[in-house]
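A short worksheet on the structure shown next.
Values quoted throughout were computed directly from the atomic coordinates according to the rules given, and no laboratory measurement underlies them. Bear in mind that the values here come from a model prediction, so they are computed numbers and not experimental data. As a convention, Cβ positions derive from the backbone with ideal geometry for all residues, glycine included, and neighbour counts pool all protein chains shown.
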């Protein structure tokens, strides 16, 4: 019962944030018309390793979409995975909890294989950097840990790059 409650609460929180953004609009101009299709940031990786699980055009679009954008805050696919991971970190099955949360919050916008790369990244963070990341996944100490300064020297960001095929400069 607790697991279902946690998943519902996390998804409700993310949905509420996205709903707030839709209700309030943004300051960047008029809202798109309903038939305009998804709003996509100027995100296209310069290269994508074809062996990566997220290199199909639909997956690249899914991970590049800003799902919540209001003033200075935006949540993209990776941010949602991070929020879900924080909410699922203490769950008995954080992998299943995180996957379900991501699917619910993003309306299953990426393939299961691509989504599972993000789940793997979250699990890596939970296993190696929970102390540094649980309160603030954007903190410098969290990023350093995710980039390999943890006790096991596991670079969770590079693991995600290897899985997704999408390059990152976060550890540079």
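Residue separation times 0.36 nm, minus the C-alpha to C-alpha distance between residue 168 and residue 51: what's the value?
Values: separation 117, 0.36 × 117 = 42.12 nm, distance 1.59 nm.
The span from residue 168 to residue 51 would gain 40.5 nm if fully extended.
Can you put 126, 134 in order, fewest other beta carbons within 10 Å first?
Numbers: 126 21, 134 15.
Final ranking by Cβ density, sparse to dense: 134, 126.
Give the peptides 82-88, 152-158 in descending order of average Cβ contacts within 10 Å, highest first.
82-88, 152-158
What spacing in nm lies between the two simple spin-label points modelled at residue 138 and residue 95, each 7 Å away from Cα in the Cβ direction?
It works out to 3.0 nm between the two label points.
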